[in-house]
1. Could you tell me how many degrees, from 0 to 90 and to the nearest 10, lie between the Cα long axis of helix 129-139 and the main elongation axis, the longest principal axis, of the Cα atoms of the chain?
2. With 10 angstrom as the radius, rank R188, R108, R299 by how many other C-beta atoms surround their C-beta, starting from the fewest.
3. Using the Cα centre as the reference, give the magnitude of the dipole from point charges on the C-beta atoms of region 9-167 (Lys, Arg: +1; Asp, Glu: -1; all else neutral), rounded to the nearest 20 debye.
4. Looking at the chain only, what percent of DSSP beta bridges run antiparallel? Nearest 5 please.
5. Please rank I147, I210, I181, I93, fewest neighbouring Cβ atoms within 10 Å first, as an exposure proxy.
6. Filter the GluC sites (Glu not before Pro) in region 142-241 down to the DSSP loop ones having no more than 12 other Cβ atoms within 10 Å, then list what survives.
7. Given a cut-off of 13 Å, what percent of all Cα-Cα pairs of region 30-92 lie beyond it?
8. Within a 10 angstrom radius of the beta carbon, how do L91, L265, L222 rank from fewest other beta carbons to most?
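Derivation of every value follows stated rules applied to the coordinates shown; laboratory data play no part. This is a predicted model, so every value here is computed, not measured. Note that we place each Cβ from the backbone using ideal geometry, even for glycine, and neighbour counts take in every protein chain shown.
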Amino acid sequence: MSKTHPSSFRRPHFRVLSDRLAEPRRLIQFVAGPRQAGKTTLVQQVMDGMETPCLYASADEPAVHPTPWLSVQWEKARAMAANSGRVGAVLAIDEVQKVSGWSETVKRLWDEDTKNDRPVRVVLLGSAPLLVRRGLTESLAGRFETIHLGHWSFVEMRDAFGWDLETYLYFGGYPGAAHLIEDPARWRSFVVNAMIETTIARDMLLMSRIEKPALLRRLFDLGCRYSGQVLSYTKMLGQLQDAGNTVTLAHYLDLLADAGMLTGLQKYAGQAVRQRGSSPKLQVLNTALMTAQSALSPREVRADGEFRGRLVESAVGAHLANAAAGGVCQLTYWRERNREVDFVLRAGQVVVAIEVKSGRAPVAFPGLDDFAAAFKPKRTLIVGGDGIALQDFLSRPVEHWLKG
């Protein structure tokens, strides 16, 4: 079914999607991830490498007519499949969440194809994953599987653009902005206006019911300033100068996490079910969001020990959080009185505790010691200082640290 695999810096995802589209048993493939994660490029590369006839259509085009447009694209794919025999055809719909009533239409057409044994394979892409998943679970249960693309890793940015660690810490994992790094002010403007503002204004405010959009924006700004720190919802509301409630704040954190921008890690509680009442640890999913919002230059960041320390911890956290968003593990933190562990990974029965140090590591780590005594993790890791070099840690997939 495939000719050759074209060059792709998202090779694991490329292989997964290629293999799934080659399987005789058909399931809808949902490619999820934040803006600039490479979803469209990935799908187009896979389609370019296939002998099967393929049709790509984007609902982001200004002339799109919602539901009838989707049916028209599907009929085109059916015609292509009819002309190619059992080889069938592949239909990819981008920005599917912008088609009103898309999930019901997809269900009807998909079930028709299944009943009539039409070999049409379908890939759905969306930049508002929460809305797409809602449609999938409500209307398309049992008919789909997900391929999650997180932000670009250090290894991917290094291999694609030749970046070193310091460049990655500051400029993060946005490949579409890589050509602007020689002009940091222009790069920051691009990230703020083309990435942050577009995600909030188009993917969130226009696609979700948000009663307090100003609060959502201020919460994102706060999360970028306090990334790597534990902050109670009450303190957040005080900082945000809003009379809202913690339920609204927690919901907005979920929306920001779903958009691949900011998450609130919950406190690790062993085998017990974690409660949403615990104070979240704020964590950006791309360090570019911190530096672009700070307006500090690369030189100023390197000279600011406190900010750089938070940037280092946030880079480790983003590496782990993107893996967690893809289902590799659960990610939490742990704190008891004045003892804390920066990150706790859990995959099945495997637990790994991680402490991050941006400078020379101290001799003792009482938080790791107390956690190890209470929960018996498989491994405890120190990243930075005299522990695992930050570059080495970021160069390996999170699965490596879970295997031991």
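1. 50 degrees
2. Listed from fewest to most nearby Cβ atoms, that is R299, R108, R188.
3. Using only the charged Cβ atoms, the result is roughly 440 debye.
4. Close to 40 percent.
5. Ascending number of Cβ neighbours within 10 Å: I181, I210, I147, I93.
6. E182, E211
7. Pairs farther apart than 13 Å: 67 percent.
8. L222, L265, L91
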